[in-house]
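We did not get these values from a lab; they are worked out from the coordinates using the rules stated. Note that this is a predicted model, so its numbers are computed, not measured. Cβ coordinates were reconstructed from backbone atoms using ideal geometry, including for glycine residues, and neighbour counts include every protein chain displayed.
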């Protein structure tokens, strides 16, 4: 789990619009906009005006998180947090698939109509 604060949030601003962006290398992804989390974050991130909370983080989440707050008087504030996720990747569950040879109990020619 991880909490990323939005230091740009100002409680005195009326009706602030809050946007979160995620930057990894040269790509910039809109993360939270218009009151909605974007995919693939919807099922594992909770939003509040001052923080985003990841219930689960992976190494793919490593990067820069940019919080931009725009007030109704055209004030703009921005903060950035670099998140570095370290550690081994979670083990993959075993595959439930069996090798094809184990599934064939009769010659292939008899199975094809």
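Within the stretch 21-46, name every residue whose backbone N is under 13 Å away from a label modeled 7 Å from Cα of residue 60 along the Cβ vector.
From the stretch 21-46, the list is 39-44.
Say each of residue 74 and residue 7 gets a label point 7 Å from the Cα, pointing the same way as Cα to Cβ; how far apart are those two points in nm?
The two pseudo-label positions are separated by 2.7 nm.
Using only alpha-carbon positions, what ratio does the radius of gyration of the stretch 2-86 give when scaled by 2.2 N^0.38 Å?
This ratio for the stretch 2-86 stands at 1.06.
Under a crude label model (7 Å from the Cα following the beta-carbon direction), how far is residue 14 from residue 85 in nanometres?
The two pseudo-label positions are separated by 4.0 nm.
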